[in-house]
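Derivation of every value follows stated rules applied to the coordinates shown; laboratory data play no part. Everything numeric in this text was worked out from a predicted model, so none of it was measured. Please note: Cβ atoms are built from the backbone with ideal geometry, for glycine as well, and neighbour counts cover all protein chains shown.
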Amino acid sequence: MEVKFGGKTIPLPSHTDPVNYFERPKPEVDVRRELDSLVTQMHSSGIRYDDAVREFKRQYLREVLIAHRGNQCKAAEELGMHRNTLSRTMAELGLELAEVRAGLKRPPRSERPVYGALRQGYR
C-alpha cells in the first residue's frame, strides 16, 4: 500500500491479519483523516500558511533525525537532499542538533535498570 503526499509516494506496511483486514480502516485512510483533521484545526485556529509549513518541516526533519539518532548524513539521504542542505534548512527552522540528540542520551547510571545481578544468576 502507498500514500501520495507532497508529490512523493510513501509505502506503508500491509495488513497481516486476514481476519480483521476488512474491519480495520486502511493506514492511508488514517493518515489522510488525521491530516485533514489537523489542517481543519489549524485553519480554524487562524494559523497562517507560512507558520503551518514551517512547523511541519521542523517536526518532519526532527522525526527523521531522531530515527537516525542525529546522524545528518543518513537523515539527508533518506530525505533525498544533500547534508549541507539539511544543515542549512535546520538552521533556517531553528532546529538544533543538540536538541535532537538530547532526547537520545542514555539515562544516568542511577536510573538505568540493573542487568548485572540478573546475569549472575544464569552463570
- Task: Pop a pseudo-label 7 angstrom from the Cα along the beta-carbon direction at both residue 33 and residue 89 and give the gap in nm to one decimal.
- Result: 3.0 nm
- Positive minus negative residues near residue 90 (Lys, Arg vs Asp, Glu; Cβ under 11 Å): +2
